[in-house]
Structures are given as C-alpha cells and as structure tokens.
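Worksheet: the structure to be examined is printed underneath.
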Amino acid sequence: MNQPLMEPATPVYYTPGHAKRKLLVVFYGIILLSFGMSQLWTPLRLLAFGQKVRGEATFVTKTKTGLPDLVLTDDAQILANVEARDRSYVFWNEFRFHTTDGRAVNVRAPVGSQLKPLYLLLDADGLPTTDLICYNQSQPEEVVFPMIISTWFAPGMLVVSGLACIVIGLVLFYWANKPIELPHIQTAAETLQAGEKAASN
C-alpha cells in the first residue's frame, strides 16, 4: 500500500533584530579605535617626522611608592639591587642623547620594568648600551623609543580590538532586520518516508 506523500515543509525564517544594540557594538569599537589612535599619534608622528638618534643608557632609577628613589650608576649596583619577587619596585632606564645642534638631553624611557631594568648600562661587548630615540626637534624632551615593544603593544591592541568590534557590529547590524531562512530538520515521519522511498527504488 502506497504511503501518502507528505507536503514539503514550509520554510521557517528568523529575524535577529536588536539593531540598536548592534550599533552600540560599532560605537564601542569606534571609542576603542579612537583611544588607541590617540595613544599612537605621538609615537607615529615622531617616528615619521622626528629626528632619529642613538641614546646612551646612563643610569637606572629604582623607585617604590613611599621610599626615596635609588640611583644605580653601574651594572654591579644594578645586579645587586634586582628584585626576585617584589613587583612593587619599578626600574627606569635613563638615557642621554645629543641633538643636531650639540645640546645634551637626558630622558627617561617611557616604560618602566619590574624586578629588573629593561637594559643594563653595558652591552655584551662592554660598550655603553644604546637605543634608538626619535625626538621632536623643537622640543627635544618629547621622545619615543620605537624599539621598545610596549610603545606599540597596548595601543596597537586597542586599535585592532576597535576595528574588530566595528566590523563585527556592522555585519550584525546589516543582518539585524533581514529574515534568515533556517535549515529544515526532518521529523521522524519524514525520515521514515525518505527511507521507504529509497528502499522502493
């Protein structure tokens, strides 16, 4: 006896909605992107248009809130004052460079380090440690250390996160009010009928 043919399933559509909430994701991404770019603006400007020079590490300042600063002027002092566990101390590398007109400028690396400084004062060859510095010629105290990864990492992550939020938010907003056809899931009866049809063939 032939089984009655089942009518094709009616397509089911789903509309995600919540368009305004998805625009908030875009807005949040714009805020992250703007803040990240504001942090990158000075380093990028100095890298592109500033004067480049090698600065020489002159000493290290060890600081801790509530205690006087400790100035370390040679590597022996530095190694004797590194911290094994106490992360409340911060080591700051101090550098000196000369401008194109011969002026000596002392600057502190913008990023401190816990436990030990970023640089010792002498390199592996016993020569003074140097690092690339980009400075503003009209205001030499305004500097950036482009080789220190922390200069770029946090602002870069903000920019990437902001762009990701903007792209994701725009995609979600685009589909927010568009009906999406849901895949059809066969019922037990449909599965049985399909099996019987295959067997009869």
Can you give me the angle between helix 188-200 and the longest principal axis of the chain, using Cα atoms only, in degrees from 0 to 90, rounded to the nearest 10? 70 degrees
Calculated P(r) tail over 17 Å for the stretch 51-136, as whole % of Cα pairs: 48 percent
Mean shadow area of the stretch 115-155, taken as a quarter of the surface of its Cα convex hull (nm²): 4.3 nm²
The chain: angle of helix 19-49 to the longest principal axis, Cα-based, in degrees nearest 10: 30 degrees
Report Rg(Cα)/(2.2 N^0.38 Å) for the stretch 144-189, keeping two decimals. 2.23
Among ALA48, ILE148, GLY17, the residue whose Cα sits farthest towards the positive end of the charge dipole of the chain (+1 at Cβ of Lys and Arg, -1 at Cβ of Asp and Glu, taken about the Cα centre) is GLY17
Any chance you could tell me what percent of the C-alpha pair distances in the chain go past 32 Å? 50 percent
Kindly express, to the nearest 10 degrees and within the range 0 to 90, the angle between helix 150-175's C-alpha long axis and the longest C-alpha principal axis of the chain. 20 degrees
Taking the alpha-carbon distance from LYS62 and a cut-off under 29 Å, which lysines remain once sequence neighbours fewer than 8 residues away in the same chain are dropped? LYS52, LYS116
Environment charge of TYR13, counting only residues whose C-beta is closer than 11 Å and scoring Lys/Arg +1, Asp/Glu -1: 0
Enumerate the amide H contacts of PHE59 below 5 Å, restricted to partners 5 or more residues apart or on another chain; note that Pro and chain-start residues carry no placed amide H. GLU94
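All of the numbers you see were taken from the coordinates with simple rules; none came from a lab. Computed from a predicted model, the values in this text were never measured in an experiment. Cβ coordinates were reconstructed from backbone atoms using ideal geometry, including for glycine residues, and neighbour counts include every protein chain displayed.
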